[in-house]
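The values are calculated or read from the model by the stated rules, or taken from the named source; none is laboratory data. Treat the numbers as computed from the prediction; the structure is a model and nothing was measured. Cβ atoms come from the backbone with ideal geometry, glycine included; neighbour counts cover every protein chain shown.
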Amino acid sequence: MRQRAARDQKRLDSGAVSSPRDLENLQREIASLAKRQGDLEDVVLEVMERRESAQERVAELTDRVASVQSKIDDAVERRDAALEEIDGEAASVTKEREVVAGSVPADLLKLYDKLREQQGGIGAAKLYARTCQGCRQELAITELNEIRRAAPDTVVRCENCRRILVRTPESGL
């Protein structure tokens, strides 16, 4: 567009066009080209401003992504450390369970494992203040009287959830 305007201006200045009508048309075309060039430059400026704004937004979002990724990496690191600690504790507890299980009669251990599987991982529950801590229900007086009369080494079970009841001084017997 600039080349065309420069060429038309050169034709106008050279005097090669002598007809007043052609001169007028050439002047209008030069003015039209100048207006069109101004409009295009305004569009280019607007596009450049939007591009600059978009680049700033990209930089801002890139920083936010980096921040979030840093937080994710930190959380993953903490999770992995916690899992390692849990795995260590699980191994330790498993070893302790094997030692304790060795001293428990086989039939009682079998019953406990069966109940544990049926009851979502809890095969025995503490009897506390006349309440089974497995199902959280208070035992009836008749059940409590039966448990009181039972020998200390007798395995007693909750009538509600069927878990093995562990008697302690806080049992309320």
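In the range 81-95, is there at least one residue being over 30 Å from ASP113 (Cα atoms), loosely packed, with under 10 Cβ neighbours inside 10 Å and either at pLDDT 95 or above or out of contact with any His (no Cβ under 8 Å at 6 or more places or on another chain) (or both)?
no
Identify, please: which residue in the range 96-129 is assigned to a helix (DSSP H, G or I) and among the aliphatic types (A, V, I, L, M) and is, among those, farthest from GLU143 (Cα to Cα)?
Taking the candidates together, the pick is VAL99.
Could you run through the range 105-135 and say how many residues are in contact with a helix residue (DSSP H, G or I) (Cβ under 8 Å, 6 or more places away or on another chain) and exposed (fewer than 13 other Cβ atoms within 10 Å of the Cβ)?
Within the range 105-135, residues that are in contact with a helix residue (DSSP H, G or I) (Cβ under 8 Å, 6 or more places away or on another chain) and exposed (fewer than 13 other Cβ atoms within 10 Å of the Cβ) number 1.
Under 9 Å between Cβ atoms, which residue pairs at least 6 apart in sequence (or on different chains) link something in the range 1-18 that is among the basic types (Lys, Arg) with a partner that is assigned to a helix (DSSP H, G or I) and modelled with pLDDT of 70 or more?
ARG2/LEU33; ARG2/GLN37; ARG4/GLU29; ARG4/LEU33; ARG11/LEU26
Can you run down the residue pairs with Cβ atoms below 7 Å, 6 or more apart or on separate chains, where the first is in the range 24-40 and under 11 Å from ALA5 (Cα atoms) and the partner is not in a helix (DSSP H, G or I)?
LEU26/VAL17; LEU33/MET1; ARG36/MET1; GLN37/MET1
Rundown of residues vs (1) farther than 30 Å from ILE147 by Cα; (2) in contact (Cβ under 8 Å) with a residue 12 or more places away in the chain; (3) touching a strand residue (DSSP E or B) at 6+ places or on another chain (Cβ under 9 Å), yes/no style:
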position: ILE72; (1), (2), (3): yes, no, no
position: VAL76; (1), (2), (3): yes, no, no
position: VAL99; (1), (2), (3): no, no, no
position: GLN133; (1), (2), (3): no, no, yes
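Looking at the range 18-74, which of its residues are among the β-branched types (Val, Ile, Thr) and over 58 Å from the mean Cα position of the chain (by Cα)?
ILE30
Quick one: which residue in ALA75, ALA91, ALA106 is within 27 Å of ARG162 (Cβ to Cβ) and not β-branched (Val, Ile, Thr)?
None of the other options fit; the residue is ALA106.
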